[in-house]
């Protein structure tokens with residue numbers, strides 16, 4: 001029996017080979033329960049509150065959306081109204097475009113995706129900057145390779161959305177702009 005926090009390893013499970021359709025369906029399931037839409041999908045307001053915009057699923061912070069306030073208060077983290085941009089002690093970070101457009105993961109290999117999730121590296125490139133908060137890659141790195149393949153297959157199956165997400169803003173640059 002595995003308790004919370006112990007995690008599992010690839011050898012703990014025997015997963016049968018999935019068809020491409022089953023792989024995509026599993027990836028959709030994992031993306032949903034992994035809460036990827038919480039940060040990577042722009043929102044629309046509904047009677048139940050903000051929900052992912054079905055026309056822009058997993059397309060990241062909208063390139064035409066105003067940058068949130070960079071007013072940092074000690075011990076506070078601020079979220080944009082769209083829940084796709086974040087201000088904190090690390091500066092301003094924006095959720096990435098996860099669609100298969102060239103402005104997203106369109107030209108990524110599975111190995112890059114695995115490096116991004118397992119090592120927290122921007123664009124999945126060794127030697128690149130670390131992924132910024134609130135991206136919980138430290139938790140997601142525990143996905144099995146089979147899980148990551150399913151998520152990657154699902155993301156690659158989405159409608160490509162052209163959305164060039166802004167670059168992060170470092171804390172010093174935020175303070176200098178005041």
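The numbers here are math on the coordinates, done by the rules we state, and not lab data. In this text, all values refer to a predicted model and were calculated from it rather than measured experimentally. Using ideal geometry, Cβ is built from the backbone for each residue, glycine included, and neighbour counts are taken over all protein chains shown.
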message: Using only DSSP helix segments of four residues or longer, with each worth -39500 (n - 2.57), what per-residue ellipticity at 222 nm results for the chain after dividing by its residue count and rounding to 500?
response: -8000 deg cm²/dmol
- line: The distance between the Cα centres of region 104-153 and region 33-51, in whole Å, is 21 Å
- prompt: If we sort 168-174, 82-88, 60-66 on the protection proxy, mean other Cβ atoms within 10 Å, highest first, what's the order?
  reply: 82-88, 60-66, 168-174
query: In degrees between 0 and 90, to the nearest 10, how far off the longest principal axis of the chain does helix 145-157 point, with axes built from Cα atoms?
result: 60 degrees
message: Nearest 10 degrees is fine. How inclined is helix 20-33 to the longest principal axis of the chain, computing both from alpha carbons?
response: 40 degrees
query: Relative to the longest principal axis of the chain, what angle (0 to 90°, nearest 10) does the C-alpha long axis of helix 110-119 take?
result: 60 degrees
query: In terms of the Cα gyration tensor, with a ≥ b ≥ c the square roots of its eigenvalues, is region 113-168 rounded because a/c is under 1.5, prolate because a/b exceeds b/c, or oblate?
result: oblate
Rounded if a/c under 1.5, otherwise prolate or oblate - region 68-165, Cα gyration tensor axes: prolate
The chain: C-alpha gyration tensor shape, a/c 1.5 cut-off, then a/b vs b/c: prolate
query: What order do you get for 26-34, 92-100, 146-154 when each peptide is scored by the mean count of other beta carbon atoms within 10 Å, highest first?
result: 92-100, 146-154, 26-34
task: Let me have the relative contact order for region 18-176, percent, based on Cα pairs under 8 Å that are six or more residues apart.
output: 29 percent
